[in-house]
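A short worksheet on the structure shown next.
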């Protein structure tokens, strides 16, 4: 009897595993199909279009890598690359720094901290379009809050969005205002994963707050910081809405990012072949960022 029961269980286990595998594939395959339809197919189409001269969605002449050469030598694209680098560096540093400070400040699960977390999350749950329109009104010279503040301070009127450096600062402030909450969420999750016993033992040994932060908190947050850094970098490199709505790329293309350059090439200049070539190059750069993220993550997790 016991032998028969054991044999019966041995037969049922592979069947159960096959049923579980079939169920798992049933849940995953629709998502894979959606991913292929919405990501892979447009990417392949963009790669195909990037090899041709496209006039109003009509393929007129095969150019091979000519579109890529034109894009890489374009002064407009090179200026957009410089603006993207400046925007990404400042937005990344300020967003990560502010998000880290907010995570440390509101780590405790007190009623006040919970309320403040919810308040900080408000800009993040607002759509980028609405938030950018709000800041555009604030920075507007005609009736904007910035103009009123300058007047109350006795300072001369200043058109923020008409000055290249001030417009870039406004663009960076848009990113920091919205995305520091995202950084706070990721880093707060990392802080919650640190065992409290480590801090308690360090206090017993006489370690102060700064020493505990430097020797315990910061080393154990390397992976969450890395993930937050790369995720924000990918977001800022590809951002379109901030520049399109807040500054329109101006003045004199000083705030025109790579995303806005793609938009301009494709939907304003109607150079769809070059726009797709630029999109493919940006996609390759994103893949490189993700590969670096995975490599660093594996390096940190290696025993």
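All of the numbers you see were taken from the coordinates with simple rules; none came from a lab. As the structure is a computational prediction, the values presented were derived from the model and not from experiment. Cβ sites come from the backbone with ideal geometry, for glycine too, and all protein chains shown count toward neighbours.
So here's what we get for this one:
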item	result
Theoretical gain in end-to-end length, residue 138 to residue 234 [0.36 nm per residue, Cα-Cα removed]	31.8 nm
Answer label, with semi-axes √(5λ) of the Cα gyration tensor in Å calculated from the coordinates and candidates [x] 49, 36, 13; [y] 28, 25, 18; [z] 41, 35, 18	[z]
Prolate/oblate/rounded label for the range 186-275 (Cα gyration tensor, a/c 1.5)	prolate
Most mobile of 212, 141, 17 in a GNM of the chain (Cα contacts under 10 Å)	17
Principal axis dimensions, largest first and in whole angstrom, of the range 13-133 by Cα	65, 57, 25
Burial ordering of 109, 163, fewest other beta-carbon atoms within 10 Å first	109, 163
Candidates 268, 34, 227: whichever shows maximal mean-square fluctuation once the chain is modelled as a Gaussian network with Cα springs under 10 Å	34
Part-to-part distance (alpha-carbon centres) for the range 234-267 and the range 155-218, which is given in Å	26 Å
Label-point separation in nm, residue 89 to residue 288, each point 7 Å along Cα→Cβ	1.7 nm
Net length gained if the chain between residue 252 and residue 25 were fully extended (0.36 nm per residue, minus Cα distance)	76.5 nm
Fluctuation leader among 217, 241, 84 - the chain, Gaussian network, Cα springs under 10 angstrom	217
Two-site FRET efficiency, residue 220 against residue 269, from Cβ-Cβ distance with R₀ of 51 Å, rounded to 0.05	0.55
Shape box of the range 13-80 [Cα atoms, principal axes, largest first, Å]	64, 28, 18
Residue 198 paired with residue 48, simple spin-label distance in nm, labels 7 Å along Cα-to-beta-carbon	5.1 nm
Label point distance in nm, residue 79-residue 108, each placed 7 Å from Cα along Cα→Cβ	5.2 nm
Expected 222 nm ellipticity per residue - DSSP helices of 4 or more, -39500 (n - 2.57), all of the chain, to 500	-23500 deg cm²/dmol
